[in-house]
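The values are calculated or read from the model by the stated rules, or taken from the named source; none is laboratory data. The model shown is predicted, which means the values in this text are computed figures rather than measured ones. Here Cβ is always computed from backbone atoms with ideal geometry, including for glycine, and neighbour counts include all displayed protein chains.
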Amino acid sequence: MPQKIKFGTDGWRGIIGKDFNLNNVASVAQAIADYLTQTSKQAAKVAVGYDTRRLSRQAARCIAQVLAANKIKVTLSQKPLPVQAISYTVRFKKYTAGIMVTASHNPPSFNGIKIKGSFGGPVESKITSRIEKFIFKSKVLKVSVRKAQKRGFLEITNLVPGYLRFLKSYLNMSLLNKGRLRVLVDSMHGTANGYIAWVLRNSSFKVTTIHQNFDSTFGAVKPEPIQSCLREASGLLKGGGFDVGLATDGDADRIGALDSRGRFVDPQQIISLLLLYLVRYRKLKGAVVKTISGTALLERIAKKYKLRVYETPVGFKHISQLMQSKNILIGGEEAGGIGVKNYLPERDGILVGLLLLEMMITKGKSLAQLLKDMHAEFGSCVYLRKDIKCLPCDKIKVRQRIASLRKQKKFLGITIRTIKDYDGLKFYLSDGSWILFRLSGTEPILRIYAESSSLAKTKQLIAQGTRRVKI
């Protein structure tokens, strides 16, 4: 009996060799082909890319062969590339859709598929739900690469140069070329592939890139730019030879940062700094989008500048939808996926890292000083996340335990002021702190998020939350 394939928060993901295998990949590709054939008013054209994971290249070729057999024109990347390069290609080269073989920041044992719409961002859940209904419903068609090329349905080319030109056009390159910072970049063996150094090659920046080589195991480290996965980069910064550190995830759409002393700067701080920079120095206006797991700091900044704030469930696809229909200045999720106005309705870790450098040059201050200034003006927000392994067989029990917490009137002895439960369960406490319990849509993990005015209190919230769910 065929395995059930479900698209979650950000595409379909599965264990390589178990859920994610070439037979299932071909079935998903056939479902996408069937969906496009039924819904496209004109002949469909699809861009296909892949990351550095095991089976990614083979899966991308398989997808291209299935689409071509269904008489859909395909442009296949000739090498691993950032997922946002596929989004750029789809939007500005007028493709019907884009497909990226990646599991983003998941552990090396995972792989998956992301689908991009013609607008250059992640498709909505209603589209992936429709695609799911086609899976295993019709015979998989497939043609060899050579025949697909000969028949004019497959082109294999380099999709990176156009994206890099577009990326540079958004940046203040005349300003960046004057920069003299010493930058450590951790590509985490993913698709960022030294591109930050390439953009700054004509500047006075000194850029050192580590983990630049492609590695399907990601050096046995989960390719997520969070504190626990950036120990080597942090150690190098503590050595005193760099002014700032930047890190991107496996498919390069997320960002993490480290200050000159190797201290981790979480994405909530990054998006807050970037909001201030766009408003004060780039003189841009628009609304702010945050997910339910996002920092309260964004709301404080937005209030000062009279900017509207939208809140969405976790998943950049929700932010992307608003970026298409509203005047959105910036939108971001807690894991480092950030999108900005006048670019793509998409995350781009490479762009955001370069904008951080642009901000540092503009203000003539270190990352640590920028953070200090922001907290002095808007108050301290200390944000933490804890990931707890939660096997599929435990999910029902964990959901029940989380639901039972709704009966509480206090948490950590503090009155619960408001409760939100549209994506997980979030308590807003009377002292301004909050805690969120949420099962991941991409990994077998329960995530507990918390934020307060101090590190000690945030740690207490996380510890109390961990005890309450008792996994």
Seminar exercise, completed: Exactly one of Leu164, Leu236 is assigned to a helix (DSSP H, G or I), closer than 30 Å to Val66 by Cβ, not β-branched (Val, Ile, Thr) and not assigned by TED's automatic domain parsing to the domain that holds Arg61, and that residue is Leu164
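Mind listing whichever residues of the range 44-79 are part of a loop (DSSP other than H, G, I, E, B), more than 12 Å from Gly98 (Cβ to Cβ) and aliphatic (A, V, I, L, M)?
If the condition is that a residue be part of a loop (DSSP other than H, G, I, E, B), more than 12 Å from Gly98 (Cβ to Cβ) and aliphatic (A, V, I, L, M), then Leu55, Ile72 are the ones that fit.
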For this session: Among what's in the range 233-260 and is charged (D, E, K, R), within 24 Å of the chain's Cα centre (by Cα) and over 13 Å from Leu356 (Cα atoms), pick the residue that is surrounded by the fewest Cβ atoms within 10 Å (Cβ to Cβ).
Result: Arg254
Seminar exercise, completed: Pro107 meets each of (1) touching a residue at least 60 places away in the same chain (Cβ under 8 Å); (2) part of a strand (DSSP E or B); (3) of a type outside the set (Ser, Thr, Tyr) with one exception, condition (2)
For this session: Determine whether Val143 is outside any helix (DSSP H, G or I), at negative phi and aliphatic (A, V, I, L, M).
Result: yes
Seminar exercise, completed: For the range 92-104, pairs from a residue that is not assigned by TED's automatic domain parsing to the domain that holds Val123 to a residue that is surrounded by 24 or more Cβ atoms within 10 Å (Cβ to Cβ) and of a type in the set (Lys, Arg), with Cβ under 7 Å and 6 or more apart or across chains, are none
Problem set entry | Which numbered condition Asp431 misses (of (1) surrounded by fewer than 16 Cβ atoms within 10 Å (Cβ to Cβ); (2) within 26 Å of Pro392 (Cβ to Cβ)) | (2)
For this session: Determine whether Ala335 is in contact with a His (Cβ under 9 Å, 6 or more places away or on another chain), surrounded by 14 or more Cβ atoms within 10 Å (Cβ to Cβ) and either assigned to a loop (DSSP other than H, G, I, E, B) or not assigned by TED's automatic domain parsing to the domain that holds Lys303 (or both).
Result: yes
Seminar exercise, completed: For the range 11-26, the count of residues that are in contact with a Phe, Trp or Tyr (Cβ under 7 Å, 6 or more places away or on another chain) and closer than 20 Å to Ser125 by Cβ equals 2
For this session: Kindly list the number of the only condition in (1) farther than 25 Å from Thr248 by Cα; (2) modelled with pLDDT of 95 or more; (3) touching a Phe, Trp or Tyr at 6+ places or on another chain (Cβ under 6 Å); (4) assigned to a helix (DSSP H, G or I) that fails for Ile435.
Result: (4)
Exercise. Within the range 84-97, is even one residue in contact with a Gly (Cβ under 8 Å, 6 or more places away or on another chain), buried (at least 23 other Cβ atoms within 10 Å of the Cβ) and in a loop (DSSP other than H, G, I, E, B)?
Worked result: no
For this session: Mind listing whichever residues of the range 275-297 are surrounded by fewer than 22 Cβ atoms within 10 Å (Cβ to Cβ) and part of a helix (DSSP H, G or I)?
Result: Leu276, Tyr277, Leu278, Val279, Arg280
For this session: Please enumerate the residues belonging to the range 1-53 that are among the acidic types (Asp, Glu) and touching a helix residue (DSSP H, G or I) at 6+ places or on another chain (Cβ under 9 Å).
Result: Asp10, Asp34, Asp51
Seminar exercise, completed: Output for Cβ contacts, cut-off 9 Å, separation at least six or different chains, first residue in a helix (DSSP H, G or I) in the range 170-182, second of a type in the set (Gly, Ala, Ser), reads Met173/Ser203; Leu176/Ser203
Seminar exercise, completed: Of the residues in the range 341-357, those that are in contact with a Phe, Trp or Tyr (Cβ under 8 Å, 6 or more places away or on another chain) and either surrounded by fewer than 16 Cβ atoms within 10 Å (Cβ to Cβ) or within 24 Å of Lys285 (Cβ to Cβ) (or both) come to Asn342, Tyr343, Leu344, Pro345, Glu346, Arg347, Leu351, Leu355, Leu357
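When you go through Lys372, Lys395 one by one, which is the residue that is part of a helix (DSSP H, G or I), of a type in the set (Lys, Arg), touching a residue at least 24 places away in the same chain (Cβ under 8 Å) and exposed (fewer than 14 other Cβ atoms within 10 Å of the Cβ)?
Exactly one of Lys372, Lys395 is part of a helix (DSSP H, G or I), of a type in the set (Lys, Arg), touching a residue at least 24 places away in the same chain (Cβ under 8 Å) and exposed (fewer than 14 other Cβ atoms within 10 Å of the Cβ), namely Lys395.
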Problem set entry | Options Lys457, Lys420, Lys426; residue that is touching a residue at least 24 places away in the same chain (Cβ under 8 Å) and touching a Phe, Trp or Tyr at 6+ places or on another chain (Cβ under 7 Å) | Lys426
Problem set entry | Single match in Gly117, Gly121 (criterion: under 22 Å from Gln42 (Cβ atoms), surrounded by 14 or more Cβ atoms within 10 Å (Cβ to Cβ) and without any contact (Cβ under 8 Å) to a residue 60 or more places away in the chain) | Gly117
Problem set entry | Hits in the range 246-266 (condition: of a type in the set (Gly, Ala, Ser) and either in a loop (DSSP other than H, G, I, E, B) or under 20 Å from Pro107 (Cβ atoms) (or both)) | Ala247, Gly250, Ala252, Gly256, Ser260, Gly262
Seminar exercise, completed: (1) in a strand (DSSP E or B); (2) over 30 Å from Asp19 (Cβ atoms) all hold for Lys386 apart from (2)
